[in-house]
Amino acid sequence: MATCTFWIDGKKYEAEEGSNLVDAAKENGVFIPSLCYFKHIDPPLGTCRTCTCKINGRYNPACTESIKEGLKVEVNTPELVDMRKALVEMMFAEGNHFCPACEKSGNCDLQHMGYELKVSTTRFPHLFKDRLIDYMPKRMVMEHNRCIKCRRCVEEVFTSDGKRVFMYINRGNETQVGIDYAQEAKLSESEAENAMKMCPTGAIIVRGKSLSKPFGDRAFDMESSQKHYRHTITDKPKVANFEKKTIATVSLAGCFGCHMSMLDIDTDILDIAELVSFNKSPLTDIKTFTQRCHLGIVEGGCCNTENIETLKKFREMCDILVVMGECAIWGGLPAMRNTIPLGECLEEAYLNSVTSEKGENTVPYHDDLPKILDRVYGCNEIVKVDYTIPGCPPSPNHIWKVVKSLLWGEDYSLLYSEFKYD
Amino acid sequence: MSILSEQNKMFSVEPARSALLSELWQQQLQHNHISEESIKDLATQHQLSEIEIEGVASFYHFFHRQPAGKHTIYINNSILSELKGYARIKETFERETGAHINSTDPSGTFGLFETPCIGLSDQEPAALIDFYPFTNLNALKVKEIIQKLKQGKTAEEICDTPQDNIRYTPANNRTIFFAPYSQGEAINKLSGLRPDGVIEQLRIAELAGRGGAFFPTWKKWDACRSFKEPLKFIVCNADEGEPGTFKDRVLLNNQPGSVLEGMIIAGYTVGASYGIIYLRGEYRWLVNKLETEIQAFQEKGLLGQHVGGIKDFNFEIRVEVGAGAYVCGEETALLESLEGKRGEPRTKWFYPVEKGYLQLPTVVNNVETFAAVTRLLQMGSFEYLKRGIPGSPGTKLISVAGDCKFPGIYEIEWGMTVAELLDQCGAEDPFFIQVSGPSGESISAKEKYRRISMLDLMAQKDIRCGGSFMIFNSHRDLVHILMNFSEFFKHESCGVCTPCRAGNFIIERKLERLNNGLADMNDLKELKSWGYIMKATSRCGLGKTASNAIIQSLEKFDDYFKARFSATDNSTYRKFDHSSAVEEYEHYKP
């Protein structure tokens, strides 16, 4: 095959004619994010659109383009970078992705793209659509909450007599990947495992098989796919003043895990103690604000009216408001209830549980008790949030790097391995 | 002849899989649903896994997996139906049948469902009962209909005959589509023209695809002609699903012959021997008319062997009926559907003229395009060019409905202004006009003096119109209209690509916020920017155009939105509906 010259962002590159643009760019050291693209599926699926670029002046996914002489591609314009980020955010908003509770965490392509594109929160409202988990197949579990409908399994997994095991069913926002129970049972052990590995997320799980490896050893823990991976805070305040600052912290609908992580910086905590004083915080056990604070750090989202009041108070009393952890950002684990009506949750917990006696129990309600909200809300749905730190929990380094940067204008450089959702 | 008796009349060259859609239809019509057993049988018959059959069946909303009632009722829930009293009709149907929407009554006699636009926007509210049309409904009429059905009458016996409502044709006999028609007149000219001559005529007349994309017809046909495969297909796209559009219905009802003839001419020109009309399921009641016409053509020697006496030119036409999926109006989705698959648009690796139906060269054109071809050959390009304006010759059929006195079909000469059309149809206090359906262009009454033509889409001066005008007066709620559109796209997205599947869902949520008074200017800005993302990244035309109405109305109706939504809220607190957030919990107050 002939070698062609093509252009990415005004730079000249060479690749074999007819090779896929995503691969050709990668060989030349240019990273184009992709999710559904799977080398040997031909023609490419073009379903997830994460690799959208401008090709000869038109928006098109890179995965459905092959190298031709003189091809002109725009990859890293601010608009395209934002667009691709939006697509990944859209997948997080559409599904119900609870990374810390997922078998695929650390080995998940979607999560990986989130890291590469530095998605710390989604701009879109989470849809919290109720999706049932299919436990009917003999060997597999279909976790529809996690499926991004990339179509890999539909096109790749067949029984030995050539029948499909997976197929799209329904249409529109109801579209999901259905699994054929009879055909699934015919798959060999290794074919089934292969299906699980092929899935870019944790939607296909084989019972009894685990992907788990220790943290740090998983596929996407340590190394970025990009040569120059860099995190920056663009609107970093310009403060040269190393005066002592006041911080307030709180855990709303959270588990205090983020607070634990915050304390998990070993001896550095002694330096921190020199530089900041804590006002209202579980660390000091100060219950009410005694002064205005430079920085408020919030863990957990809002599941009841008291959470809302506290959060509003934080906004009122703190110059800068930072939310840390998945729960504070969009609801996190407590938001698992968001796909189910509140009444059903309460009745299951208080009235119909195994230990409750018929007619003896009630759903707690008292004027002194906070009222439970219809769903768990992320903090930014209630107040304006200045900065978000993802993770469950975020790494201690991530938290303190943000704090130091926001309070004293310190240079901010976050490693790929410090940006995590689990 | 009843709908049920439709035979399976596949061409001998087609594979068995292509019959799947009509086989599913048979099951649906016979058993009112597609049972587990039917799925099993079809899977065995086609040697496919059951999930693959299920995948096809569940894609089309006229196929039900649960019994859908002895009589299946579909009420149109498009915005035009809403304007004419959809809510009341729905309520009456629910009361009279005892069925709630999306379910059947306890006895299983009636199944009540909604469906978007059934192509009867000029006689709303309308419904399909057992796929027969019922128009201009009111509470009393609904009551009578249900009474009669309960007494054992069939829907076929009591259905309405939809009016054509042809309201306007160009003065001085300048009509193209509604001139006297006699079968075979255009075909008779073929032997004198040769394929080159046909293409030349199309080129001179600048005929462009009337489905709304306006691709030059001669280019499409010429490209298909250049491929040398012995087997090629002509497909007539009669899946007119764009809400508010019903011009193809009128053409097929009024003069199916001109459409058939256009397909035959295409077959002769590109060297194809088979034609398929993909008729939307909503127009099932037109099947008999089409098949009768096909038979008449066969009897006259205009279909079959040596068509019109042309040696070695054989052509056959069959009708395939869709099953409720807007996206199948997209040509590659339509081809997938013809192949008995889910109607998912293909990627653009190949165009249908090279690899279309069954991966063979295929011409796909809209109903109106084929009819225009027939008329063009009949009158000659010299005469044809006298209509319209330079650069946009000819006439266009436009479906007009909404807030106007005379909803119906308007055959306008290209170049007519919006003002003239509004005047002709007796528009009442027009405020917001949606041109070419929800995926088209939104214009305000201020743009009255723009011309309607097929000139450059980007031109500010002209409006390219695929086929419909929906007129809304100043009392209509713009946000409500946009929500109706958005819900439509949410259901009708094929579900394959992220920006369309998730994007339309997200846009709907955002519009709900607007509707609940929780939005400020910032939300409007976000809405617009998300619309642009969907436009740039979606896989096919559906996703690329689904946000058009939102983007354009935000741009053109700035005053309206400014008056309704507070300026960008710089306060640190978000708008939050506290009482509705605790409403559910308050039920547990002792």
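The values are calculated or read from the model by the stated rules, or taken from the named source; none is laboratory data. Nothing here was measured: the structure is a model prediction, and the numbers come from that model. Backbone-built Cβ (ideal geometry, glycine too); neighbour counts: all protein chains shown.
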Exercise. Could you name every one of the helices (runs of 4 or more DSSP H) located completely within the stretch A:93-194 that has at least 2 residues being aliphatic (A, V, I, L, M) and surrounded by fewer than 19 Cβ atoms within 10 Å (Cβ to Cβ)?
Key: A:181-186
Self-check item: the stretch B:545-590, residues that are more than 30 Å from A:GLU316 (Cβ to Cβ), at the interface with chain A (Cβ under 9 Å from one of its Cβ atoms) and either surrounded by 18 or more Cβ atoms within 10 Å (Cβ to Cβ) or aromatic (Phe, Trp, Tyr) (or both)
Solution: B:TYR588
Exercise. Among the candidates A:GLY70, A:GLY114, A:GLY106, single out the residue that is modelled with pLDDT under 95 and within 12 Å of the chain's Cα centre (by Cα).
Key: A:GLY106
Exercise. Please specify each residue of the stretch B:206-233 satisfying the condition of being under 26 Å from the mean Cα position of the chain (by Cα) and in a loop (DSSP other than H, G, I, E, B).
Key: B:GLU206, B:LEU207, B:GLY209, B:ARG210, B:GLY211, B:GLY212, B:ALA213, B:PHE214, B:PHE215, B:LYS232
Practice problem: Answer yes or no as to whether A:ILE320 is away from chain B (no Cβ under 14 Å) and either out of contact with any Cys (no Cβ under 8 Å at 6 or more places or on another chain) or farther than 24 Å from A:PRO370 by Cβ (or both). | Solution: no
Practice problem: Could you list, in sequence order, all residues of the stretch B:353-382 that are among the aliphatic types (A, V, I, L, M), buried (at least 24 other Cβ atoms within 10 Å of the Cβ) and over 17 Å from B:LEU338 (Cβ atoms)? | Solution: B:ALA371, B:ALA372, B:VAL373, B:LEU376, B:LEU377
Quiz item: Within the stretch B:367-382, is even one residue of a type in the set (Ser, Thr, Tyr), in a helix (DSSP H, G or I) and modelled with pLDDT under 95?
Solution: yes
Practice problem: For A:THR77, work out the one condition from (1) under 22 Å from A:LYS227 (Cα atoms); (2) among the hydroxyl-bearing types (Ser, Thr, Tyr); (3) surrounded by 20 or more Cβ atoms within 10 Å (Cβ to Cβ) it doesn't fulfil. | Solution: (3)
Quiz item: When A:CYS108 is evaluated against the numbered criteria (1) under 20 Å from A:ASP221 (Cα atoms); (2) free of Cβ contacts under 8 Å to residues at least 24 places away in the same chain, which criterion, by number, is the only one it fails?
Solution: (2)
Practice problem: All but one of (1) away from every other protein chain (no Cβ under 14 Å); (2) within 30 Å of B:ILE507 (Cα to Cα) hold for A:ASN173, so report the exception by its number. | Solution: (1)
Quiz prompt | helices (runs of 4 or more DSSP H) enclosed by the stretch B:250-355 - at least 3 residues per element that are of a type in the set (Phe, Trp, Tyr) and either under 20 Å from B:PRO162 (Cβ atoms) or touching a residue at least 60 places away in the same chain (Cβ under 8 Å) (or both) | solution = none
Quiz item: All but one of (1) at positive phi; (2) buried (at least 20 other Cβ atoms within 10 Å of the Cβ) hold for B:GLN47; which doesn't?
Solution: (2)
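Yes or no, residue by residue, for (1) under 23 Å from the mean Cα position of the chain (by Cα); (2) in the same structural domain as B:PRO116 (by TED's automatic domain parsing); (3) modelled with pLDDT of 95 or more; (4) within 30 Å of A:CYS36 (Cβ to Cβ):
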residue: B:SER436; (1), (2), (3), (4): yes, no, no, no
residue: B:LYS448; (1), (2), (3), (4): no, no, no, no
residue: B:ILE452; (1), (2), (3), (4): yes, no, no, no
residue: B:ASP456; (1), (2), (3), (4): no, no, no, no
residue: B:GLY466; (1), (2), (3), (4): yes, no, no, no
residue: B:ASN504; (1), (2), (3), (4): yes, no, yes, yes
residue: B:GLU508; (1), (2), (3), (4): yes, no, yes, yes
residue: B:ARG513; (1), (2), (3), (4): no, no, no, no
Practice problem: May I ask you to verify whether B:LEU149 is surrounded by fewer than 24 Cβ atoms within 10 Å (Cβ to Cβ) and touching a residue at least 12 places away in the same chain (Cβ under 8 Å)? | Solution: yes
Exercise. Pick out, from the stretch B:43-132, the helices (runs of 4 or more DSSP H) lying fully within it that include 3 or more residues that are within 21 Å of the chain's Cα centre (by Cα) and either away from chain A (no Cβ under 14 Å) or of a type in the set (Asp, Glu) (or both).
Key: B:79-83
Quiz item: Out of (1) surrounded by 17 or more Cβ atoms within 10 Å (Cβ to Cβ); (2) in contact with a helix residue (DSSP H, G or I) (Cβ under 6 Å, 6 or more places away or on another chain); (3) within 21 Å of B:LYS247 (Cα to Cα), what's the single condition that is false for B:ASP122?
Solution: (2)
Exercise. Would you mind finding the one in B:ARG564, B:ARG539 that is of a type in the set (D, E, K, R), in contact with a Cys (Cβ under 7 Å, 6 or more places away or on another chain) and in contact (Cβ under 8 Å) with a residue 40 or more places away in the chain?
Key: B:ARG539
